[in-house]
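Presented below is the structure to which this report refers.
The values are calculated or read from the model by the stated rules, or taken from the named source; none is laboratory data. Since the model is a prediction, treat every value here as computed from it, not as a measurement. Reconstructed Cβ throughout: ideal geometry from the backbone, glycine too, with neighbour counts over all protein chains shown.
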2 protein chains.
Amino acid sequence: MRPTTPRGDDAVPPPRAPAVMRDVAKAAGVSVATVSHVVNDNPNARIGDAARERVRRAIEELGYRPNALAKTLVSGTSKFIGLVADAIATTPFAGQIIQGAQDEAWKHGYVLLVANTGGNEGAEEQAIAMMLEHKVRGILYSTWFHRAVTPPAALAETAAVLVGCYSEDSTLPAVVPDEVQGGRTATQLLLEAGHRRIAFINTSHPSPAQTGRLQGYREMLEAADIAYDPALVVEATSDQEGGYEAAMRLLDHDVTAVFCHNDRVAMGLYDAARDRSLKVPGDLAVVGFDDQEVISAHLRPPLTTVALPHYDLGAAGVRLLLGIDDATLGTPQLVACPPVLRSSV
Amino acid sequence: MRPTTPRGDDAVPPPRAPAVMRDVAKAAGVSVATVSHVVNDNPNARIGDAARERVRRAIEELGYRPNALAKTLVSGTSKFIGLVADAIATTPFAGQIIQGAQDEAWKHGYVLLVANTGGNEGAEEQAIAMMLEHKVRGILYSTWFHRAVTPPAALAETAAVLVGCYSEDSTLPAVVPDEVQGGRTATQLLLEAGHRRIAFINTSHPSPAQTGRLQGYREMLEAADIAYDPALVVEATSDQEGGYEAAMRLLDHDVTAVFCHNDRVAMGLYDAARDRSLKVPGDLAVVGFDDQEVISAHLRPPLTTVALPHYDLGAAGVRLLLGIDDATLGTPQLVACPPVLRSSV
DNA sequence: ATGAAAGCGCTAACAC
DNA sequence: GTGTTAGCGCTTTCAT
């Protein structure tokens, strides 16, 4: 291998610096203004067909790419949207938030600047500062589970919306999952299958999910004229272990169905049911929550659950940010949690 | 709540446009050059303590933030690194790639421009074009599972490195997991626990993982003077269902340990073992692969496995890109897959 | 229909 | 020590 330049520019086309507008103008025999107009299809400028064609060809030949950064300098406002997340990486589904935000952002010509902070305040501030310095159009501040937050002060320097969380003083627009409706949906799934003794393994962690899903459960029971039986509602840590242990406490009461706070709890419940030789859904119907696909789709039998709308949260956040949807300051915007039907009911 | 301006600029400092360097200069009674020098701690410029202090104070008071985009325009090179991924969102662990890339990028003053393309070629081209227009320092092109790819042509226009994949004509530097070492590690875990009849449920999907892990398995067996028994190696789809089904085929042979192609396969194997009343690890030791935390950490018993080094892949990719590590063109850089000890062996 | 020129916020010579 | 100035690549009046 012969010595190479630092960047290893061995490629076939000579490694000349990328063409800029001036180069195109020169090649096409026009001014940069003309090039600018044809590049942007500026309707206020009438460009002759001949010139337009020459410009197009020059662009093609030189492989010209507009410099988005220079454009930003002039217009004052960039096409960046910042997304600061406490945990994209540590949690399996938060990636969906990115995906939703990105798809919606692209739709409007924006691109995502992503920063995962691990919840670390220092990293958070640094991330926001960086975004501000890059003149983002706005910032999405997101958490992977639904909770109240006190947003970093620097967010005030730009447009910002909270995704999957809300600020207690509701100073910023927010979009969160509709826990109550989710709780209702889960319960309804079981009700519709004919169950009357429906248990609920709730999380022991105080949170909007804890209170919201419980409220939905109770509302739905009430709508079905079923008396609320506190013995059927137990709390547990929201993981497999918690689910298993709670199930053991619960399975003595003669329940025929269980609504689990999330899919991991359901996974634990499956284990418990197996230990008791209870068949799902024959002896016991179960509904999860979250739709954590790795789990829910591959349990035996596959788990019927209620999905946390991460993708939609991200997308809705962008829409709020860009003013496509109106932000209802004061109360967070709610995004529905849809049922996902599989085979455990 | 009283009526607010559209952006809700109720804050104490009047909602004037963000301060620029000129404003700071004026406020401090110096020139912009001086401000620039103190902002960047330019060692070539000697600034008087008095002036420096006045500038600092002005910056503070005006809430001045440097405009990173303008800086880029001048220097010609931005602080962006692009990350285009086929599936951050659709897969649970690829988020770790982002995290690794981001941490390493930040360490060197770079920020990540993320684009998830879903493998869609159109989206891919669009994403790369967008990154090129933003004058990224380089692009990380990543796939969520290890495979050969033919990189989009546009990647040639900038520095690029493949992460988790490689190009068959090895035209681009690449960093991938060390499947062979991973296979060796998994097998060794079982060997060290005293097992001699070790089965391997491999994936039926042709891939570097398929051949590499098998090779590692065989190498390790050979090193332990154990004859390779083809009957102990079966192929299956790499999910719970495949694992269950393969286990049923396998458990007739008197194996005492199974190395599973991944954690989901191991999950299926657990199911099968339970159906046969085989205790893990008492009757059957099992090792997974991937370390898909939702699964491996919460199976009963928790699964001993070999981790796919997504985080390190992302970080190594950035280091290659920035020239911190040297790219060995020709063969991909290998990243080790470390063992994760839990309770299934 | 097209071009000249000012200027976006910043850096880096180079004066003074 | 500190200020002046010429750009970086682009958009956008305003002339022509």
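Hey, among the residues in the range B:279-311 that are away from chain A (no Cβ under 14 Å) and more than 14 Å from B:D263 (Cα to Cα), which one's surrounded by the most Cβ atoms within 10 Å (Cβ to Cβ)?
Ranking the qualifying residues of the range B:279-311, first place goes to B:L284.
Among what's in the range A:230-269 and is within 14 Å of chain B (Cβ to nearest Cβ) and acidic (D, E), pick the residue that is surrounded by the most Cβ atoms within 10 Å (Cβ to Cβ).
Applying the filter and picking the extreme gives A:D263.
Give the residue that is surrounded by the fewest Cβ atoms within 10 Å (Cβ to Cβ), with candidates limited to residues of the range A:130-166 that are more than 18 Å from the chain's Cα centre (by Cα) and of a type in the set (S, T, Y).
Per the stated criteria, the residue is A:T150.
Pull up the range B:74-91, narrow it to residues that are within 16 Å of DNA strand D (Cβ to nearest atom) and either within 10 Å of chain A (Cβ to nearest Cβ) or modelled with pLDDT of 90 or more (or both), then point me to the one that is surrounded by the fewest Cβ atoms within 10 Å (Cβ to Cβ).
Among those residues, the one meeting the criterion is B:V74.
Results for (1) more than 25 Å from the chain's Cα centre (by Cα); (2) modelled with pLDDT of 95 or more; (3) surrounded by fewer than 19 Cβ atoms within 10 Å (Cβ to Cβ), shown as yes or no for each residue.
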residue: A:T4; (1), (2), (3): yes, no, yes
residue: A:D9; (1), (2), (3): yes, no, yes
residue: A:V24; (1), (2), (3): yes, yes, no
residue: A:A51; (1), (2), (3): yes, no, yes
residue: A:T72; (1), (2), (3): yes, no, no
residue: A:F93; (1), (2), (3): no, no, no
residue: A:Q99; (1), (2), (3): no, no, no
residue: A:L113; (1), (2), (3): no, no, no
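Quick check on B:I128: is it hydrophobic (A, V, I, L, M, F, W, C), within 8 Å of another protein chain (Cβ to nearest Cβ), within 18 Å of B:V318 (Cβ to Cβ) and assigned to a helix (DSSP H, G or I)?
no
Criterion first (more than 19 Å from the chain's Cα centre (by Cα), away from chain A (no Cβ under 13 Å) and hydrophobic (A, V, I, L, M, F, W, C)) does B:L191 satisfy it?
For B:L191, the condition - more than 19 Å from the chain's Cα centre (by Cα), away from chain A (no Cβ under 13 Å) and hydrophobic (A, V, I, L, M, F, W, C) - is met.
Which of the residues belonging to the range A:40-72 are over 24 Å from A:G109 (Cα atoms), among the basic types (K, R) and within 14 Å of DNA strand D (Cβ to nearest atom)?
Result: A:R46, single match.
State the number of residues belonging to the range B:305-335 that are more than 13 Å from the chain's Cα centre (by Cα), part of a loop (DSSP other than H, G, I, E, B) and hydrophobic (A, V, I, L, M, F, W, C).
4
Looking at (1) farther than 18 Å from B:A257 by Cα; (2) assigned to a helix (DSSP H, G or I); (3) in contact (Cβ under 8 Å) with a residue 40 or more places away in the chain, which is the only condition B:V175 fails?
Here B:V175 clears every test but (2).
Does at least one position in the range A:32-49 carry a residue that is part of a helix (DSSP H, G or I), exposed (fewer than 15 other Cβ atoms within 10 Å of the Cβ) and more than 11 Å from DNA strand C (Cβ to nearest atom)?
For the range A:32-49, residues part of a helix (DSSP H, G or I), exposed (fewer than 15 other Cβ atoms within 10 Å of the Cβ) and more than 11 Å from DNA strand C (Cβ to nearest atom): absent.
Looking at the range B:271-281, can you tell me whether even one residue there is under 30 Å from B:G138 (Cβ atoms), part of a loop (DSSP other than H, G, I, E, B), of a type in the set (A, V, I, L, M) and in contact (Cβ under 8 Å) with a residue 60 or more places away in the chain? I'd like the intermediate steps shown before the answer.
In the first step, residues of the range B:271-281 are kept if they are under 30 Å from B:G138 (Cβ atoms); the result is none.
No: the range B:271-281 contains no residue that is under 30 Å from B:G138 (Cβ atoms), part of a loop (DSSP other than H, G, I, E, B), of a type in the set (A, V, I, L, M) and in contact (Cβ under 8 Å) with a residue 60 or more places away in the chain.
Looking at this structure, is B:G109 small (G, A, S), more than 7 Å from every other protein chain (Cβ to nearest Cβ) and in contact with a Pro (Cβ under 9 Å, 6 or more places away or on another chain)?
no
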